[in-house]
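The values are calculated or read from the model by the stated rules, or taken from the named source; none is laboratory data. This structure is a prediction, so every number in the text was calculated from the model and none was measured. Note that we place each Cβ from the backbone using ideal geometry, even for glycine, and neighbour counts take in every protein chain shown.
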Amino acid sequence: MSNVLNMRISEDTKDQLERLCKLTKRTKSSLGAEAIEEFIERKLWLLTALEEGIEDAKKGNLVKHEAILDEWEGKAGAA
């Protein structure tokens, strides 16, 4: 089931959306819905990861900066 959402966007964004519609032969609604879904998915992933990291830090599950540098330098040297 789909729901209707009205929103205000800038003139520039509207023009870009209309251009994208022409190029992809898709509707403004389908592109808008896809963009919102992808945005929400990324934001939720990021905020969930941040929450998990904060909880780990509160529990003392931390890694020293030097250990991370050593690991990344080792990967860079292997490339």
Looking at Glu66, is it in a helix (DSSP H, G or I), modelled with pLDDT under 95 and exposed (fewer than 10 other Cβ atoms within 10 Å of the Cβ)? yes
Return yes when Ile40 is without any contact (Cβ under 8 Å) to a residue 12 or more places away in the chain, in a helix (DSSP H, G or I) and surrounded by 10 or more Cβ atoms within 10 Å (Cβ to Cβ) and no when it is not. yes
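Do you know which residues across region 5-32 are aliphatic (A, V, I, L, M) and either touching a residue at least 12 places away in the same chain (Cβ under 8 Å) or in contact with a helix residue (DSSP H, G or I) (Cβ under 9 Å, 6 or more places away or on another chain) (or both)?
At the first step, the residues of region 5-32 found to be aliphatic (A, V, I, L, M) are 5, 7, 9, 17, 20, 23, 31.
Passing the criteria: Leu5, Met7, Ile9, Leu17, Leu20, Leu31.
Which residue out of Leu17, Leu47, Leu31 is touching a Ser or Thr at 6+ places or on another chain (Cβ under 8 Å), of a type outside the set (Asp, Glu), surrounded by 10 or more Cβ atoms within 10 Å (Cβ to Cβ) and assigned to a helix (DSSP H, G or I)?
Details: Leu17 fails: touching a Ser or Thr at 6+ places or on another chain (Cβ under 8 Å); Leu47 fails: touching a Ser or Thr at 6+ places or on another chain (Cβ under 8 Å).
Result of the check over Leu17, Leu47, Leu31: Leu31.
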